[in-house]
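The values are calculated or read from the model by the stated rules, or taken from the named source; none is laboratory data. What you are looking at is a predicted structure, and each value in this text was computed from that prediction instead of being measured. Neighbour counts are summed over all protein chains in view; Cβ atoms, including those assigned to glycine, are modelled from backbone coordinates with ideal geometry. These area figures cover heavy atoms from the full protein model, side chains too; ligands, DNA and RNA do not enter into them. Shrake-Rupley method; radii C 1.70, N 1.55, O 1.52, S 1.80 Å.
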Amino acid sequence: MKDLQKELDERKALHLYRHRRISEGPQQPEMVIDGQTVINFCSNDYLGLANHKTVKQAFIEGVNKYGVGSGAAHLVNGHSSAHHALEEELAEFTGYPRTLLFSTGYMANLGLAQALVGKGDTVLEDRLNHASLIDGGLLSGARFQRYAHNDAEQLEQKLEHSKGETLVLTDGVFSMDGDIANVPAIARSCKKNSAWLMVDDAHGFGVLGEHGKGCLEHFQLSKDDVPIYMATLGKALGTSGAFIAGSEALIETLIQKARPYIYTTATPPAVAEATRASLKLIQTQPELRTRLNDNIAHFKNCAAQLKLKLAESRTAIQPIIIGNEEDAVNMSEQLFSKGLLVTAIRPPTVPKGTARLRVTLSAAHTKSQIEQLMEILTTLQNKLFY
Ligand SMILES: *Cc1c(COP(=O)(O)O)cnc(C)c1O
């Protein structure tokens, strides 16, 4: 048996040790964390729906109607009319024939790869894809290859030499960098080479595009360009879970074969009811997206004036690249002591030498909260600036 404590100590010495802070109360810009009041710049609750009164009301009514637990997996008797209605509404909204709910995005990504490809097939992935896409590809048993970040030309070369069924997986908005995948070029290459393409739009769904339909709407693409679309519900929609959208045959295949779908308890029906309310707000309150986009613009303007070293991103994810793990962790700690919650992201989540402070913005932030962030950033080491 190996010495676990020794391994943990080594991790600490490398500034790679992770620990959890304890938060009180709901997800919102001002929170009490580890007993301290802070402004939160690390949540994925981009539209402020996690604590929205309409969404909470739908959740409570859902509990009154369905109770709490779903009681079983979807294929036993856990598939309620709430889940079913949400799947139909997501299909209508995304423009795909059908959608399938999963309990988490991580499970959706494991299930999709494993249901579509296996030994003798090929999975191609962007080097900076989310861990769940990478794990899904590795666990599928197919030959697994990565292509350089957002490099559609390199992808095309790999596609020309790929064997068996080929599945290409990419984040829509890259979760640690905030840049948007070149989906039009990737989709063209996949079509030309008869490869499956799935876009994981965890950070685009609800926020990108005029109607919040995500990165496909952003690029004016449709189901004919991207046969499989996946998004999560725990980010902009403020609830929990995920869905995959695709053809009738794809969804039926997932129901038959995706083990992380089949062998798990359905999420509480009330969560589906809350998500239905979020989906309605996304369609009826475009001002939520306007407010988020105004906040992103305000942040970027202030950052440009201060000459802050930002990554190239126009989404709600705005990384400030630091480089070394120790500096990133120290700065995150200093920010916390000054009342700001900004997480340090380190390897293996991001490549070595690109440790960063990852700022995320929300429609719920006020301009003055963004200005406070800027003011406190200027008191830190000048490494952050050009
Ligand atoms: C958050 C995230 C997931 C995982 O979704 P969960 O519902 O949190 O399991 C998958 N893909 C991407 C790109 C994500 O950012």
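Quick notes on this structure:
- The base-10 log of I(q)/I(0) for region 232-313, evaluated at q = 0.17, 0.19 Å⁻¹, reads -0.87, -0.94 [Debye formula, identical scatterers on Cα atoms, solvent excluded].
- Taking each DSSP H run with n ≥ 4 as -39500 (n - 2.57) and averaging over every residue of the chain yields -12500 deg cm²/dmol at 222 nm.
- Packing around the peptides 331-339, 221-229, taken as the average count of other Cβ atoms within 10 Å per residue, puts them in this order, highest first: 221-229, 331-339.
- If you model the chain as an ellipsoid using its alpha carbon gyration tensor, with each semi-axis the square root of five times an eigenvalue, the axes come out at 32, 26, 22 Å, biggest first.
- Ranked by solvent-accessible area (1.4 Å probe, protein heavy atoms only, all chains present), the residues TYR17, TYR96 order from largest to smallest as TYR17, TYR96.
- Residues LEU139, LEU101, sorted by accessible area with the largest first, give LEU139, LEU101 [1.4 Å probe; ligands and nucleic acids excluded].
- Accessible area of region 293-386 belonging to carbon and sulfur atoms, whole % at 1.4 Å probe: 51
- Cα-centred dipole magnitude for region 53-284, charges only on beta-carbon of K, R (+1) and D, E (-1), debye, nearest 20: 480
- For peptides 190-198, 206-214, sequence by mean Cβ density within 10 Å, most packed first: 206-214, 190-198
- From the largest down, region 9-70 spans 51, 29, 22 angstrom on the principal axes of its Cα atoms.
- The chain - share of DSSP beta bridges that are antiparallel (%, nearest 5): 60
- Rounded to the nearest 10 Å², the accessible area of ARG291 at probe 1.4 Å: 120
- Residue order by solvent-accessible surface for ILE370, ILE345 is ILE345, ILE370, largest first, with ligands and nucleic acids left out and a 1.4 Å probe.
- Using a probe of 1.4 Å on the protein chains alone, the accessible area found for HIS161 is around 130 Å².
- Restricting attention to region 53-284, lysine pairs at least eight places apart or on different chains and with alpha-carbon atoms under 20 angstrom apart total 20.
- Long-range amide H partners of LEU340 with built H, under 5 Å: ILE39
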